[in-house]
1. Checking the structure you have, find out if any residue of the range 196-208 is in a strand (DSSP E or B), buried (at least 23 other Cβ atoms within 10 Å of the Cβ), under 24 Å from the mean Cα position of the chain (by Cα) and in contact (Cβ under 8 Å) with a residue 24 or more places away in the chain.
2. Return the only residue of 216, 278, 254, 301 being surrounded by fewer than 24 Cβ atoms within 10 Å (Cβ to Cβ), modelled with pLDDT under 95, under 30 Å from residue 58 (Cβ atoms) and touching a strand residue (DSSP E or B) at 6+ places or on another chain (Cβ under 6 Å).
3. Which of the residues belonging to the range 266-297 are assigned to a strand (DSSP E or B) and closer than 18 Å to residue 158 by Cβ?
4. From the list 121, 88, which one is surrounded by fewer than 18 Cβ atoms within 10 Å (Cβ to Cβ) and either part of a loop (DSSP other than H, G, I, E, B) or modelled with pLDDT of 85 or more (or both)?
5. Only one of 342, 314 is modelled with pLDDT under 95, over 21 Å from the mean Cα position of the chain (by Cα) and outside any strand (DSSP E or B). Can you tell me which?
6. Tell me the residue from 517, 491 that is at pLDDT 95 or above, touching a strand residue (DSSP E or B) at 6+ places or on another chain (Cβ under 9 Å), within 13 Å of residue 419 (Cβ to Cβ) and surrounded by fewer than 24 Cβ atoms within 10 Å (Cβ to Cβ), please.
7. May I ask you to list the residues in the range 132-153 that are at pLDDT 95 or above, touching a strand residue (DSSP E or B) at 6+ places or on another chain (Cβ under 8 Å) and in a loop (DSSP other than H, G, I, E, B)?
8. Of the residues 388, 414, which single one is crowded, with 24+ Cβ neighbours inside 10 Å, within 26 Å of residue 102 (Cα to Cα) and under 19 Å from the mean Cα position of the chain (by Cα)?
């Protein structure tokens, strides 16, 4: 997320303006009497310290019980992961990372986007594509916006559910005539090319929820967009975290999740709407589309560290909520790593971790699934586990969270993502260190349920080679992604198994890897 850490937010509530009628279904914190102010979002981040919950709140944390496990996958073949990025295109002597993956699938066409500082001095966004269902990938190089803007990271890829050749690549941008924006690059050849003439800012001319201030002004900063393209009605939804200087005095004083929608395949967009009640502060959005075109956005509320959901039944014109998805939880952290990272919550190896939720909508029954990582308490010896919750009533009520990693160690599981093949078939991917007694080497594991999360199959490893941390300034990416087309799951992640020689020393060189898994594997009950 632009190498910024949203979780490190000062634990205050702010007063903001919104036209949406909100009915809170969770905690109702007291508002601040005075708003804090910062000269820019960087000062705001770096003045913040670790988000460790208070003793009072820690004592009230909801216990997260282990899931029920009743079967395992019979492996037919091992080591099927595929490298997505091409190191031959990297600039010489660079160990910049390729991570923060987004995937979209349309038939045999697969596009994977990622942060990539290795291939251009004008952009840190890249992409690869596959025309054979994920057996092999071609590195498409960097995505560079027009108009003198720098190609920022945090890319998002979406495919048109009504046109298998149409993909849209969303990218954060900086510089030029505006301080911060989101640019859309379109492909009409199945994701092979994203031509400059098919690129445009999607925020140009749009208004923010703060007294009609334009979104493309220096007093607005946009961070990590997620989105969905509804197969029901074709509406595209993009949601992100908006930093705003509402008083135009050079100081950021608002941080809120916002959303815009398009009903014409991304040609025009609605003005931004705030998805959070007045006085709340939050972000880190996850987006899903329901069976009847409803829109769901889950975000993290930063003060009590709770997850909430907003929903719209009219294409984003009005929103209902927020509904409490997950009660307060402690974000993962290792004390030594956190001290080494100047107070950023981080795991061993100086890997920063944010409380980023992931949301999936079951494409057959409409149930909602959310995952996140957590630490049992701030004093727990186990620094990070994976939690799962689900809703059967369109997000109004949610199950109690359960722990879905089944290891018997105190090692780390972190950065989860969830997808659904439908009919209760749910798969969650995550980084996992259970196999290393030193809690150092990382693999990619999955947890899978075939009954909507009531019971789970034994966790299984899907990556071929364990790899060490490869953090740069406490950064190793903030998320990975898995998606499904109903028959398969497609996973993508940042992977550090490869090395590059710098100064005569071999150093981990993060690339992107992917694997394709059957949605219905062979099962052996136990």
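The values are calculated or read from the model by the stated rules, or taken from the named source; none is laboratory data. Small disclaimer: the values here were computed from a predicted structure and weren't measured. As a convention, Cβ positions derive from the backbone with ideal geometry for all residues, glycine included, and neighbour counts pool all protein chains shown.
1. No, the conditions are met nowhere in the range 196-208.
2. Details: 216 fails: under 30 Å from residue 58 (Cβ atoms); 278 fails: touching a strand residue (DSSP E or B) at 6+ places or on another chain (Cβ under 6 Å); 301 fails: surrounded by fewer than 24 Cβ atoms within 10 Å (Cβ to Cβ).
That would be 254, the only listed residue that is surrounded by fewer than 24 Cβ atoms within 10 Å (Cβ to Cβ), modelled with pLDDT under 95, under 30 Å from residue 58 (Cβ atoms) and touching a strand residue (DSSP E or B) at 6+ places or on another chain (Cβ under 6 Å).
3. As a first pass, look at the range 266-297 and keep what is assigned to a strand (DSSP E or B): 273-274, 282-289, 295-297.
Listed by number, the residues that qualify are 285, 286, 287, 288, 289, 295, 296, 297.
4. On the way: 88 fails: either part of a loop (DSSP other than H, G, I, E, B) or modelled with pLDDT of 85 or more (or both).
Matching residue, one of 121, 88: 121.
5. 342
6. On the way: 491 fails: surrounded by fewer than 24 Cβ atoms within 10 Å (Cβ to Cβ).
Step by step, each of 517, 491 is checked, and only 517 is at pLDDT 95 or above, touching a strand residue (DSSP E or B) at 6+ places or on another chain (Cβ under 9 Å), within 13 Å of residue 419 (Cβ to Cβ) and surrounded by fewer than 24 Cβ atoms within 10 Å (Cβ to Cβ).
7. Filtering the range 132-153 down to residues at pLDDT 95 or above leaves 132-140.
Next cut, touching a strand residue (DSSP E or B) at 6+ places or on another chain (Cβ under 8 Å) only: 133-140.
Listed by number, the residues that qualify are 133, 134, 135, 136, 137.
8. Details: 414 fails: crowded, with 24+ Cβ neighbours inside 10 Å.
So the residue among 388, 414 that is crowded, with 24+ Cβ neighbours inside 10 Å, within 26 Å of residue 102 (Cα to Cα) and under 19 Å from the mean Cα position of the chain (by Cα) is 388.
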